[in-house]
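As structure tokens, the structure follows; a few thoughts come after it.
The values are calculated or read from the model by the stated rules, or taken from the named source; none is laboratory data. The shown structure was predicted, so the numbers you read here are calculated from the model rather than taken from an experiment. All Cβ positions, even for glycine, are placed from backbone atoms using ideal geometry, and neighbour counts span all protein chains on display. Ligands, DNA and RNA are excluded from the accessible area calculation, which covers all protein heavy atoms including side chains. Shrake-Rupley method; radii C 1.70, N 1.55, O 1.52, S 1.80 Å.
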Amino acid sequence: MTVRVTLVSAAMGSALREARFDDGGPLEPAGLRQAEQAAGTLPAGGRAYASPSPRCAATAAALGLRAEPAPALAGCAMGRWTGLTLAEVAAAEGGSIARWLADPAAAPHGGESLLDLFARVAGWLDALPLDVPSGGGRGPVVAVVEPDVVRAAALHALGVPGPAFWRLDVPPLSVTELTGRSGRWNVRWGRPAGGG
């Protein structure tokens, strides 16, 4: 028996488009339409979760999922940088940005370090119960999450070090599938939601 997890990155919102540390803003109309068009294409019959952000909740609803909020799947808490663009923070705190990008243990913004994010997401993944074959009622897990949560899950699944976080590109409304058991995971990366 294995655990099957489908991670869907949230549809496009203004924070992502503007390279702004998420401030809980809504989806853009085009992102909402794309999510609605992908409705019905994700694994059915299992459990659905969403990051507690409005963008993830709206994406899950547009995909037709009755997703339970999962605080463990929240995006990285960015402290005083929340709502600011990367360019604004770089102009005001260039050394802090450089430290944050270079050291996964750093949290110069006063929020959560990337290592804390990794541990939280890994704990959620490792706590998922195994699927019960044919009629046992559990089925696959679908979770609509922020891109940083997809990256953290992939690092855990592959057992690669924290600095690789910045080398993983997670487009809006893309699907990453994890299958595993006993701490061994396989990863299928980045197909578009609704794209087969």
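Quick notes on this one:
- Candidates Asp169, Asp116, filtered to the one that is out of contact with any Cys (no Cβ under 6 Å at 6 or more places or on another chain), exposed (fewer than 14 other Cβ atoms within 10 Å of the Cβ), at pLDDT 90 or above and over 22 Å from Glu68 (Cα atoms): Asp169
- Counted residues, the range 119-150 - those being basic (Lys, Arg) and modelled with pLDDT of 95 or more: 1
- Criterion: open to solvent by 70 Å² or more (accessible area, probe 1.4 Å) and at pLDDT 90 or above - qualifying residue of Arg33, Arg17, Arg47: Arg33
- Within the range 58-83, the set of residues being touching a residue at least 40 places away in the same chain (Cβ under 8 Å), surrounded by fewer than 18 Cβ atoms within 10 Å (Cβ to Cβ) and touching a strand residue (DSSP E or B) at 6+ places or on another chain (Cβ under 8 Å) comprises Gly83 only.
- Some residue of the range 142-154 being open to solvent by 20 Å² or more (accessible area, probe 1.4 Å), of a type outside the set (Asp, Glu) and farther than 24 Å from Gly24 by Cβ: no
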